[in-house]
Amino acid sequence: MIHDIENILDIRQLVDSFYGKVRKDPIIGKLFNDKIQDWDTHLEKMYRFWQTVLLNDHTYQGSPFALHAPLPIEKSHFDRWILLWNETIDNHFTGKIAEEAKWRGDKMAAMFLSKIEYYRNNNVKPIL
């Protein structure tokens, strides 16, 4: 039965399902697979990130933007990320937190793209 995102088990299902799609995706899969050498560690970090963002359980510490800034990613990559993210949420969840997850994913992608373009166009590096 489809329900809202309520706990860490739901977060794990969301993250595992999403990255399962990402890893096989013809548009963004290679970018992720080339960069991420240890998928188990990455997934654990993503569980904590989304648990913090969506469930207000503060288990994540870090600054994700700096890791993404040097990557060769463009708007088309973010568009594909959002498509897969929203599709995954819609396939597994419905409700207030599920909608928030889609909203936050969209805002995060827009912010990352904007900042990446700023740094590229101004030949500066982000603070790590």
When residues of region 42-66 are limited to those that are modelled with pLDDT under 95 and among the hydroxyl-bearing types (S, T, Y), the one nearest to I28 (Cα to Cα): S63
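If I ask for residues that are assigned to a loop (DSSP other than H, G, I, E, B), modelled with pLDDT of 95 or more and within 20 Å of I28 (Cα to Cα), which ones from region 67-118 would you list? So that I can check it myself, show each step before the final result.
Step one: list which residues in region 67-118 are assigned to a loop (DSSP other than H, G, I, E, B), which gives 69-74, 94-95.
Next cut, modelled with pLDDT of 95 or more only: 94-95.
None; the set is empty.
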Select from region 89-128 the residues that are within 18 Å of F49 (Cβ to Cβ), surrounded by 14 or more Cβ atoms within 10 Å (Cβ to Cβ) and either touching a Gly at 6+ places or on another chain (Cβ under 9 Å) or among the aromatic types (F, W, Y) (or both) and list them in ascending order. I89, F93, F112
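Residues checked against (1) buried (at least 16 other Cβ atoms within 10 Å of the Cβ); (2) over 15 Å from the mean Cα position of the chain (by Cα); (3) within 14 Å of L9 (Cα to Cα); (4) free of Cβ contacts under 8 Å to residues at least 24 places away in the same chain:
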{"site": "Q37", "(1), (2), (3), (4)": "no, yes, no, yes"}
{"site": "T41", "(1), (2), (3), (4)": "no, no, no, yes"}
{"site": "W50", "(1), (2), (3), (4)": "yes, no, yes, no"}
{"site": "L54", "(1), (2), (3), (4)": "yes, no, yes, no"}
{"site": "D57", "(1), (2), (3), (4)": "no, yes, yes, no"}
Can you report the number of residues in region 1-33 which are over 16 Å from W81 (Cα atoms) and modelled with pLDDT under 95? 2
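The values are calculated or read from the model by the stated rules, or taken from the named source; none is laboratory data. None of the values given here were measured: they were computed from a predicted structure. We place every Cβ from the backbone using ideal geometry, glycine too, and count neighbours over all the protein chains shown.
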